[in-house]
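Notes follow the structure.
The values are calculated or read from the model by the stated rules, or taken from the named source; none is laboratory data. Since the model is a prediction, treat every value here as computed from it, not as a measurement. Here the Cβ positions follow ideal geometry from the backbone for every residue, glycine too, while neighbour counts run over all protein chains shown.
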Amino acid sequence: MANDLPPLEHVPYHLAAIMDGNGRWAKARGLPRQAGHRAGVENLRRILRACAEFRIRILTVYAFSTENWGRPEQEVRGLMNILETVIDREFEELNANGVQLRHLGNLDALSPELQAKVRNAVERTRNNDRLTLNLAFNYGGRDEILRAIRRIILDGVPAEQIDEVLFGLYLDTAGLPDPDLIVRTGGEMRISNFLVWQSVYAEYYATPTFWPDFDREELYKALVHFNKRERRFGLVTQT
Ligand code: IPE
Ligand code: IPE
Ligand code: MG
C-alpha cells in the first residue's frame, strides 16, 4: 500500500459497488448523461487499481440493471456502446494485469457481437488470478434467481437435494464467496435489485459522493468504516 494511508487490519475479500450517480455528476457540470457514464468508466479504472493496492481480491460492479432498459433509447444505446468500447480498449491491459473478468447477468438480450465480445473476454481471462472483476451488466438479482430455478428444474434436480450450497452453484456468482462490503455511491439507501441472494450478510456503506468522484481516498474511507463494523452473522459477541 502506498504509505500515505495507514494500513487496515481487515480488508473485504469481496467488495461490491453500486456505481450510481453518473447522471447527476454530469448534470451538475452541464454535461450530457453519457459524459457521466464515460467518467464513470474512467473511475472504474482507478478503483480497480486501488483494489489491487488494498489487496481486495474480488470486485463486483453494478453497471446495468435489468430495469435500466426502461431508460430512453439513446441512453441505453450509449451504455451498450460503452461496454463494447471498454472491452475493446481495456482488454489487453486487464489481461496483462492478471484480472479475471466475469459477467453477472443475462447476456441474451445483448447484440450477438457484444455477447461474443463478453464471452471471449471471460474465456480468455479465466486462468488469471490476481483480481476477479465481476461485471454485472443486464443483471437483476431476481432475474438471476429465476434463471437458477429454471436450470435446476431442467437438470431434474430432486427437491430434497436443493439446499443453499446447490442453489449457489446455479447463480451467476457460482464458486465465489458472498460480498463482504457493498458500497453505494450517489446517496440512495437501497439495493436496486443487486445481489439479492448473496448480500444477506454483507455490510453496507452508502455515500452521497457520485461514482465518478468516488476515488481511492473515498474507497479507503469506506474500508475504514468496514473495519469498525462487528460482523455477527446472527451470533452473540464473546465477552
Ligand atoms: C449509474 O448512474 C449508472 C447506471 C445506472 C447505468 P445513473 O445513470 O443512475 O446516475 P444518476 O443516478 O441518474 O445520477
Ligand atoms: C442502480 O442504479 C443500477 C446501477 C448502478 C447499474 P439505478 O440508478 O438504476 O437505481 P435506482 O433507479 O436509483 O434504484
Ligand atoms: Mg441512478
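Exactly one condition in (1) among the hydrophobic types (A, V, I, L, M, F, W, C); (2) over 25 Å from HIS10 (Cβ atoms); (3) surrounded by fewer than 18 Cβ atoms within 10 Å (Cβ to Cβ) is not met by PHE137; state its number.
PHE137 satisfies every listed condition except (3).
What is the residue count in region 94-126 for residues that are part of a loop (DSSP other than H, G, I, E, B) and farther than 23 Å from TYR170 by Cα? If you could, list the steps in order and put the result at the bottom.
Of the residues in region 94-126, the ones part of a loop (DSSP other than H, G, I, E, B) are 97-98, 105-106, 110-111, 125-126.
Subsequent filtering for residues that are farther than 23 Å from TYR170 by Cα retains 97-98, 111.
The total comes to 3.
Name the residue, out of GLU92, GLU67, that is more than 17 Å from LYS117 (Cβ to Cβ) and charged (D, E, K, R). If you could, list the steps in order and put the result at the bottom.
Numbers: GLU92 fails: more than 17 Å from LYS117 (Cβ to Cβ).
Checking each option against the conditions leaves just GLU67.
In this structure, is LEU110 in contact with an Asp or Glu (Cβ under 9 Å, 6 or more places away or on another chain), under 27 Å from ILE145 (Cα atoms), surrounded by fewer than 21 Cβ atoms within 10 Å (Cβ to Cβ) and at pLDDT 95 or above? Full working, then the answer.
Details: in contact with an Asp or Glu (Cβ under 9 Å, 6 or more places away or on another chain): no; under 27 Å from ILE145 (Cα atoms): yes; surrounded by fewer than 21 Cβ atoms within 10 Å (Cβ to Cβ): yes; at pLDDT 95 or above: yes.
The answer is no for LEU110.
Any idea which of (1) surrounded by fewer than 13 Cβ atoms within 10 Å (Cβ to Cβ); (2) of a type in the set (Val, Ile, Thr); (3) closer than 16 Å to ALA16 by Cβ is the one VAL165 doesn't satisfy?
VAL165 satisfies every listed condition except (3).
For (1) part of a helix (DSSP H, G or I); (2) more than 12 Å from ligand 3 (Cβ to nearest atom); (3) over 17 Å from the mean Cα position of the chain (by Cα), each residue gets a yes or a no:
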position	(1), (2), (3)
ALA17	no, yes, no
ASP20	no, no, no
HIS37	yes, no, no
LEU44	yes, yes, no
ILE47	yes, yes, no
ARG55	no, yes, no
THR60	no, yes, no
TRP69	yes, yes, yes
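Kindly indicate the residue of region 1-28 that is within 12 Å of ligand 1 (Cβ to nearest atom) and more than 17 Å from ALA222 (Cβ to Cβ) and also surrounded by the fewest Cβ atoms within 10 Å (Cβ to Cβ) among those meeting that condition. Give the steps one after another, and end with the answer.
To start, the set of residues in region 1-28 that are within 12 Å of ligand 1 (Cβ to nearest atom) comprises 17-28.
Remaining after also requiring more than 17 Å from ALA222 (Cβ to Cβ): 22-28.
Values: ASN22: 24, GLY23: 21, ARG24: 16, TRP25: 25, ALA26: 21, LYS27: 14, ALA28: 12.
Among those residues, the one meeting the criterion is ALA28.
Can you find, within region 192-203, the residue that is nearest to ligand 1 (Cβ to nearest atom) among those that are under 25 Å from GLU42 (Cβ atoms) and crowded, with 17+ Cβ neighbours inside 10 Å?
In the first step, residues of region 192-203 are kept if they are under 25 Å from GLU42 (Cβ atoms); the result is 192, 194-195.
Checking the rest, the ones that are also crowded, with 17+ Cβ neighbours inside 10 Å come to 194-195.
Numbers: PHE194: 11, LEU195: 15 Å.
Result: PHE194.
Out of everything in region 1-48 that is basic (Lys, Arg) and in contact (Cβ under 8 Å) with a residue 60 or more places away in the chain, what residue ends up being farthest from ARG102 (Cα to Cα)? Outline the logic, then answer.
First pass over region 1-48, keeping only residues basic (Lys, Arg): 24, 27, 29, 33, 38, 45-46.
Pick out the ones that are also in contact (Cβ under 8 Å) with a residue 60 or more places away in the chain and you get 24, 46.
Values: ARG24: 28, ARG46: 19 Å.
Restricting to residues being basic (Lys, Arg) and in contact (Cβ under 8 Å) with a residue 60 or more places away in the chain, the top hit is ARG24.
Being over 24 Å from TYR205 (Cα atoms), surrounded by 16 or more Cβ atoms within 10 Å (Cβ to Cβ), within 17 Å of the chain's Cα centre (by Cα) and within 15 Å of ligand 1 (Cβ to nearest atom): is that true of LEU83 here?
Yes.
Could you count how many residues in region 73-103 are over 26 Å from GLU144 (Cα atoms) and touching a Ser or Thr at 6+ places or on another chain (Cβ under 6 Å)?
Qualifying residue count for the region: 1.
So if I check each of ASN128, ASN193, ASN134, which one is within 16 Å of ligand 2 (Cβ to nearest atom) and in contact with a helix residue (DSSP H, G or I) (Cβ under 8 Å, 6 or more places away or on another chain)? If you could, list the steps in order and put the result at the bottom.
Working: ASN128 fails: within 16 Å of ligand 2 (Cβ to nearest atom); ASN134 fails: in contact with a helix residue (DSSP H, G or I) (Cβ under 8 Å, 6 or more places away or on another chain).
It is ASN193.
With respect to ARG102, determine if the residue is loosely packed, with under 14 Cβ neighbours inside 10 Å and either among the basic types (Lys, Arg) or over 19 Å from the mean Cα position of the chain (by Cα) (or both). Spell out how you get there, then give the answer.
Numbers: loosely packed, with under 14 Cβ neighbours inside 10 Å: no; either among the basic types (Lys, Arg) or over 19 Å from the mean Cα position of the chain (by Cα) (or both): yes.
Spelling it out, it is not the case that ARG102 is loosely packed, with under 14 Cβ neighbours inside 10 Å and either among the basic types (Lys, Arg) or over 19 Å from the mean Cα position of the chain (by Cα) (or both).
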